[in-house]
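This report concerns only the one structure given below.
The values are calculated or read from the model by the stated rules, or taken from the named source; none is laboratory data. Note that the structure is predicted; figures quoted are calculated from it, not measured. Counting neighbours? That spans all protein chains shown, and the Cβs are built from the backbone with ideal geometry, glycine included. Ligands, DNA and RNA are excluded from the accessible area calculation, which covers all protein heavy atoms including side chains. Shrake-Rupley method; radii C 1.70, N 1.55, O 1.52, S 1.80 Å.
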Amino acid sequence: MAKQEVVEIRPIEMQSVTLQLVGDTPLIMHAWSDKAKRMMLEAQQGKAKGKAKEPKNPVEDFINSMYWLTPPPTEYTEAAFEQAIANGARFGFPVTAFKQAAISAAYRQGWSKDKVSLRGAFFIMGDENGMVEIVSDTPRLREDMVRVGMGTADLRYRGEFRHWSAELTIQYNVNGQYSFENIVNMINAGGLVCGVGEWRPEKDGSHGMFHVATFN
């Protein structure tokens, strides 16, 4: 008689833990603005051919590069931005970026043979728009020269958060394949190997790096 193997299936027991992330290098944001989305749609619809480019407004690009949790300025001027800061402006960042960093880093480190099992290992809770708040000093306007298309140079104006932190509330299955310690190690690896935002380690840069400082 063949030996029967008994597999124990433990019940799902979800637990929530809040992690305090601290940025190790400045975070550069580059959100898709409504203007950029409109221009992309017009190009796809063939409406952009022969259309003159609008003059570049560095402050407008800077303001639109960030994820606003509070209403952004209605005017694209330095004075309007400073007033928004004085009124308690708050900024966020997509929670999916932190999870993708952790999954990619764990896979690169050889901790898992596939990314599918890692996707269900833990979940990061965001607001109704999938954002987590970024706590920082006042973001500054950053000017960078980038290469686009056939080596064409262009200037980009984006928001840079020099000293930043974030609280991530994660949910995971206590009886799952990966322990809480494993998950924290994945997130720390994500902050070191991949990072978030523009010019992160995953994209040959060194920005957007972070680590888990505390949890409760």
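Quick check on region 28-51. Is at least one of its residues at pLDDT 95 or above and closer than 29 Å to Ala121 by Cα?
Restricting attention to region 28-51, the residues satisfying the condition of being at pLDDT 95 or above are 28-29.
From the residues that got through so far, the ones that are closer than 29 Å to Ala121 by Cα too are 28-29.
Yes, that holds for at least one residue.
Among the residues of region 201-216, those that are within 17 Å of Glu160 (Cα to Cα) and modelled with pLDDT of 95 or more comprise Pro201, Ser206, His207, Gly208, Met209, Phe210. Residues that are crowded, with 18+ Cβ neighbours inside 10 Å and in contact with a strand residue (DSSP E or B) (Cβ under 8 Å, 6 or more places away or on another chain) were ranked within region 113-126; the one that is modelled with the lowest pLDDT is Ala121. Among the numbered conditions (1) polar (S, T, N, Q); (2) in contact (Cβ under 8 Å) with a residue 24 or more places away in the chain; (3) farther than 23 Å from Glu202 by Cβ; (4) open to solvent by less than 60 Å² (accessible area, probe 1.4 Å), tell me where Asn129 comes up short. Going through the list (1) polar (S, T, N, Q); (2) in contact (Cβ under 8 Å) with a residue 24 or more places away in the chain; (3) farther than 23 Å from Glu202 by Cβ; (4) open to solvent by less than 60 Å² (accessible area, probe 1.4 Å), Asn129 breaks only (4).
Within region 81-101, being in a helix (DSSP H, G or I) and either under 19 Å from the mean Cα position of the chain (by Cα) or touching a residue at least 12 places away in the same chain (Cβ under 8 Å) (or both) holds for Phe81, Ala84, Ile85, Val95, Thr96, Ala97, Phe98, Lys99, Gln100, Ala101.
Note on region 178-200: residues that are surrounded by fewer than 19 Cβ atoms within 10 Å (Cβ to Cβ) and closer than 22 Å to Gly92 by Cβ total 1.
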